[in-house]
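Colleague: Structure below; questions to follow.
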């Protein structure tokens with residue numbers, strides 16, 4: 001990868017330790033992905049915000065970094081571990097809360113927009129088509145490439161951080177038009193067509209595909225299903241984009257047998273003690289739809305509903321908070337199902353969710369069972 | 001064998017081979033380095049102080065912090081050898097100073113569990 005004189009100087013530490021570190025990350029990724037140069041990016045979306053995922057190592061790293069680092073471009077962030085307004089209702093220890101606040105402060109000191117959301121594509125105005133961005137959150141990177149017509153690689157927490165600090169990213173993979181054409185098509189050949197099936201399809205596609213995949217035979221791909229597809233794909237693989245319709249090259253079917261195999265891997269329990277909705281977080285459209293679906297019914301079990309803070313005002317104005325509260329739902333802002341410290345295996349044996357991504361991390365990270373079913377089934381079976 | 005250097009360094013150690021890709025965030029305990037994904041072929045094994053040989057990293061972008069945490073908690077692999085280096089693994093190794101190399105398929109497949117190797121991720125060789 002060729003660097004300009006200025007970039008070389010920064011890599012050599014002539015502009016300080018922070019930029020040297022950022023360029024060291026960019027150079028390593030550049031080598032890994034066979035980039036020819038660094039190019040400007042306009043927006044970085046960072047992961048690595050939840051203390052539960054980054055731990056003391058991450059908290060100390062960010063605290064040190066924030067002493068002199070400033071973000072150079074628009075920078076937004078993923079969910080953190082809890083919603084500060086309701087944290088006292090949960091059994092979280094002081095240390096967790098203090099360290100999470102320290103992470104939040106470090107990011108704010110560096111100039112972040114404190115969005116704490118995994119759906120930046122839904123809550124921010126998008127730049128013009130083809131704009132290069134640097135999105136770490138995997139569902140957001142896939143959504144940005146596939147639906148929002150932006151260009152990003154499936155960035156890591158550190159590669160997006162390096163982009164935020166330098167305004168640059170290596171020119172490779174999905175940033176290059178030539179590599180965006182999928183070499184594999186997955187044919188959707190199963191029913192029912194709901195967000196759960198699309199999440200499972202995403203999980204399957206992520207395992208099979210390289211950086212880009214074509215998906216054919218889709219029906220009823222609404223926003224909920226689309227987000228579910230992106231999140232499933234981001235969880236299982238390194239694939240960072242899909243196109244709709246049959247592409248060139250190899251074709252494989254996602255049929256009932258394949259769907260069952262994926263579901264058996266992720267669905268580990270026949271029922272659950274609590275329900276979580278979100279991962280990705282629910283946007284206003286999904287909240288409104290949930291309210292409509294619930295009309296008059298209420299959850300039989302505790303139900304946590306994860307949303308971005310950005311829609312809190314609208315949720316209140318439209319009275320959705322009262323309606324969902326009345327139905328036994330708890331809306332939580334700034335956080336999400338994935339890697340949540342709010343679900344503790346000492347209190348909960350299994351969680352009911354429609355999120356394939358949530359299912360993977362609840363099992364591996366929280367160590368609880370998962371009953372995976374569609375929102376339609378959740379409302380049918382878990383409300384009265 | 002000749003390898004492509006992604007993160008520089010030189011280290012000697014014992015090979016631990018994974019058949020499946022690794023999701024660092026969900027799959028590995030960041031404190032102990034134990035593989036906690038029961039569906040993974042390395043389930044129950046510890047990746048610390050080994051030379052981890054695996055096809056590539058998958059899943060969450062926060063996996064890069066898991067690699068950094070493993071180093072901080074002294075449970076990190078000595079070095080990593082991949083078939084395709086992904087952005088999460090490359091950036092995690094870069095920030096943690098863990099040597100990372102990419103091997104050609106036939107060389108990659110010749111690496112066996114328990115084998116003692118020297119990774120020279122300066123000259124780009126495995127001996």
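Colleague: When you scan the range A:276-289, do you find a residue that is farther than 17 Å from residue A:379 by Cβ and within 14 Å of chain B (Cβ to nearest Cβ), even just one?
Modeller: For the range A:276-289, residues farther than 17 Å from residue A:379 by Cβ and within 14 Å of chain B (Cβ to nearest Cβ): present.
Colleague: Here are some residues: A:159, A:163, A:169, A:148. Which one is more than 14 Å from chain B (Cβ to nearest Cβ) and at pLDDT 95 or above?
Modeller: The match here is A:148.
Colleague: Any idea how many residues of the range B:8-24 are away from chain A (no Cβ under 13 Å) and part of a strand (DSSP E or B)?
Modeller: Adding up the residues that qualify gives 8.
Colleague: Would you point out which residue out of A:162, A:136, A:141, A:157 is crowded, with 18+ Cβ neighbours inside 10 Å, under 27 Å from residue A:248 (Cβ atoms) and touching a residue at least 24 places away in the same chain (Cβ under 8 Å)?
Modeller: Checking each option against the conditions leaves just A:141.
Colleague: Taking into account only those residues within the range A:61-100 that are surrounded by fewer than 16 Cβ atoms within 10 Å (Cβ to Cβ) and free of Cβ contacts under 8 Å to residues at least 40 places away in the same chain, which is farthest from residue A:336 (Cα to Cα)?
Modeller: A:67
Colleague: Give me the helices (runs of 4 or more DSSP H) completely within the range B:30-127, filtered to those with at least 3 residues that are surrounded by fewer than 20 Cβ atoms within 10 Å (Cβ to Cβ) and more than 11 Å from every other protein chain (Cβ to nearest Cβ), ordered by residue number.
Modeller: B:105-110
Colleague: Mind listing whichever residues of the range B:17-31 are touching a strand residue (DSSP E or B) at 6+ places or on another chain (Cβ under 7 Å) and more than 25 Å from residue A:46 (Cα to Cα)?
Modeller: Result: B:17, B:18.
Colleague: On to the next question. Where in the range A:249-364 are there helices (runs of 4 or more DSSP H), lying fully within it, with 3 or more residues that are in contact with a strand residue (DSSP E or B) (Cβ under 9 Å, 6 or more places away or on another chain) and at pLDDT 95 or above?
Modeller: Filter on the range A:249-364 gives A:256-266, A:284-294, A:320-326, A:356-361.
Colleague: Moving to a separate point now. Can you name every one of the helices (runs of 4 or more DSSP H) wholly within the range A:50-148 that holds 3 or more residues which are touching a strand residue (DSSP E or B) at 6+ places or on another chain (Cβ under 6 Å) and over 26 Å from residue A:329 (Cβ atoms)?
Modeller: Once the helices (runs of 4 or more DSSP H) in the range A:50-148 are filtered for at least 3 residues that are touching a strand residue (DSSP E or B) at 6+ places or on another chain (Cβ under 6 Å) and over 26 Å from residue A:329 (Cβ atoms), what remains is A:138-146.
The values are calculated or read from the model by the stated rules, or taken from the named source; none is laboratory data. Because the structure is a prediction, the values reported are computed rather than measured. Every residue, glycine as well, gets a Cβ built from its backbone with ideal geometry; the counts of neighbours run over all protein chains shown.
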